[in-house]
Amino acid sequence: MLIYFSANNFRSIDEPIELNMKAAPRLRRHKNHARTPTKDKKKKVLKGALLYGANASGKSNVIKAMSYAKEVITGESNLDYCPFLRSSHFSLVKDGSKKRDFTFEFCIRGEYYAYFFSVENNIIAEEELVHITQNSEKKIYHREIDKSKSANTVVYSYTSDVENISNDSEFLVFSKYTSPKKLFLTDSSEKIRDFFRELELSEKKFNSEVDISFLEFLLPAFLFFNFHLIIIFPESKYSSTLSDLSSGNGNCFDVIKSFDTGIEKLNSTEVPLNKFTTEQLEEIKSKISSNNKPYSFDLNEVDYLAEFIDETSSLKITKLTSIHKSKSGEEIIFDFEDESDGTKRIVDLLPTLSNDKKFPLTFVIDEFDRSLHPLLSIKLLRLFLETDSDDQLITTTHEAELLDNEILRRDVIWFFQKERDGSTQLYSLSDYSPRYDKDIHSAYLKGVFGGVPNLSGQ
């Protein structure tokens with residue numbers, strides 16, 4: 001679970017903004033919406049956070065900041081590349097600083113960690129991973145530019161509180177060759193991926209000239225950023241519905257009938273291979289062979305699943321279909337691409353409700369209620385928050401109908417405000433401490449809490 005995130009100097013974010021998922025003390029309503037995922041049972045973490053704000057207030061930017069940081073950590077993006085903007089620094093201040101910081105606090109397998117990195121002039125200025133317990137904090141490693149060295153070269157100093165790790169020559173060899181444009185955790189993640197890949201392929205112990213036993217201390221952070229933190233934008237989806245159905249992990253789709261979509265069930269239909277070009281088929285076969293598992297892909301907004309069905313590597317491609325019932329009770333097959341945008345969005349998000357997941361996940365979703373009726377948004381949110389798991393949902397929304405004390409605790413509600421200088425500020429409804437019986441829906445629309453458009457032009 002994500003416990004805390006902060007970022008600064010990213011798009012409309014100037015000074016650090018903080019999203020704190022720790023449950024507010026003394027709140028008695030909806031106690032089941034807070035979990036105790038760490039060994040410290042006094043530490044409660046919220047299952048959800050709803051982020052409100054006017055258009056251009058910066059709601060999406062906090063998710064883009066989180067996504068950018070994750071992509072840099074996992075090696076999906078280069079440090080000096082941001083897919084969201086040519087220049088992603090806060091640019092409404094002339095000659096503004098190029099320094100930016102990202103901080104994550106998270107829990108995984110009952111343990112609490114904090115990870116921080118700072119970027120300046122497109123190189124890593126500082127980086128740190130800390131293991132936090134109820135009584136202490138242990139620095140797994142700290143990496144910082146050694147300013148005592150020559151300015152012509154970038155040299156880092158490394159320190160650690162882990163016994164023997166600082167003096168481990170192999171650790172120092174590995175850390176020494178990490179590029180200034182790369183995080184040490186990113187380099188380590190690549191080693192960890194190589195380790196698991198070689199184990200999977202050879203079923204033997206990882207053969208490396210470098211002793212990587214210290215990677216066990218970095219494994220929790222690797223797992224969190226690579227597998228536990230799921231970021232979904234309006235046009236993207238969490239997973240392939242066909243993959244879930246094919247693997248038997250699609251039990252969540254059984255509830256589709258309760259959303260009044262007209263769909264009785266979801267199914268897959270085989271597609272003739274002559275629907276694809278020779279080049280496309282060769283690429284699909286290559287993808288299956290390289291991953292040694294079925295390959296899901298979108299083509300012309302249609303969801304497909306390709307797999308080999310026997311030892312002769314015969315290719316089978318299926319696409320998602322929906323089953324409706326006619327007035328006479330006969331089952332009618334529809335191509336799923338013919339369903340409404342709202343129905344597609346529901347199906348995209350239903351896997352977040354699944355109890356089949358192997359470990360808890362944190363879903364960060366920009367506009368989870370896109371194309372959804374308010375009553376469907378409420379139902380999805382309620383189903384998620386009432387699920388007995390440590391799954392977590394953090395989402396932006398404009399849906400004021402969700403602002404209801406009967407649905408939400410006040411500490412899960414956050415507001416984005418665009419300041420006069422164009423920067424983004426983030427604050428919690430808990431800062432206002434409204435009465436439990438206050439009509440927060442009407443108060444929000446009247447501008448009592450901010451986070452709404454300034455339509456007066458002043």
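Points worth noting:
- Check on Ser456, modelled with pLDDT under 85 and within 24 Å of Pro25 (Cβ to Cβ): no
- Taken over the range 106-158, the criterion of being among the hydroxyl-bearing types (Ser, Thr, Tyr), open to solvent by 50 Å² or more (accessible area, probe 1.4 Å) and either within 21 Å of Tyr177 (Cβ to Cβ) or not in a loop (DSSP other than H, G, I, E, B) (or both) is satisfied by Ser148, Ser150, Thr153.
- Among the criteria (1) touching a Lys or Arg at 6+ places or on another chain (Cβ under 9 Å); (2) at pLDDT 90 or above, the one Tyr113 does not fulfil is (1).
- Test: residue in the range 225-233 that is modelled with pLDDT under 85, closer than 26 Å to Ile394 by Cβ and part of a helix (DSSP H, G or I): no
- Asp390 being in contact with a Cys (Cβ under 9 Å, 6 or more places away or on another chain), in a loop (DSSP other than H, G, I, E, B) and either charged (D, E, K, R) or surrounded by fewer than 19 Cβ atoms within 10 Å (Cβ to Cβ) (or both): yes
- Selection of the range 274-303 for residues being at pLDDT 90 or above and under 30 Å from Ser326 (Cα atoms) yields only Lys275.
- Note on the range 18-38: among residues that are touching a residue at least 24 places away in the same chain (Cβ under 8 Å) and outside any loop (DSSP other than H, G, I, E, B), the one that is farthest from the chain's Cα centre (by Cα) is Asn32.
- Selection from the range 39-52 of residues that are within 22 Å of Glu386 (Cβ to Cβ) and touching a residue at least 40 places away in the same chain (Cβ under 8 Å): Lys43, Val45, Leu46, Lys47, Gly48, Ala49, Leu50, Leu51, Tyr52
- Given (1) open to solvent by 10 Å² or more (accessible area, probe 1.4 Å); (2) of a type outside the set (S, T, N, Q); (3) over 29 Å from Ile284 (Cβ atoms); (4) at pLDDT 90 or above, number of the condition Phe334 does not satisfy: (3)
- Selected residue (only one of Glu283, Glu264, Glu270, Glu307 is farther than 26 Å from Leu372 by Cβ, in contact (Cβ under 8 Å) with a residue 40 or more places away in the chain, surrounded by 11 or more Cβ atoms within 10 Å (Cβ to Cβ) and not polar (S, T, N, Q)): Glu307
- Checking Arg420, Arg345, Arg370 one by one, the residue that is in a helix (DSSP H, G or I), charged (D, E, K, R) and out of contact with any His (no Cβ under 9 Å at 6 or more places or on another chain) is Arg345 and no other.
- Contact map, the range 53-71: residues that are modelled with pLDDT of 85 or more paired with residues that are open to solvent by less than 10 Å² (accessible area, probe 1.4 Å) and assigned to a helix (DSSP H, G or I), Cβ distance under 8 Å, separation 6+ or inter-chain. Pairs shown: Lys70/Phe225.
The values are calculated or read from the model by the stated rules, or taken from the named source; none is laboratory data. Worth saying up front: this structure is predicted, and the values here are computed from it rather than measured. Here the Cβ is made from the backbone with ideal geometry for all residues, glycine too, and neighbour counts use every protein chain on show. We work out accessible area using only protein heavy atoms, side chains counted, and drop any ligands, DNA or RNA first. Shrake-Rupley method; radii C 1.70, N 1.55, O 1.52, S 1.80 Å.
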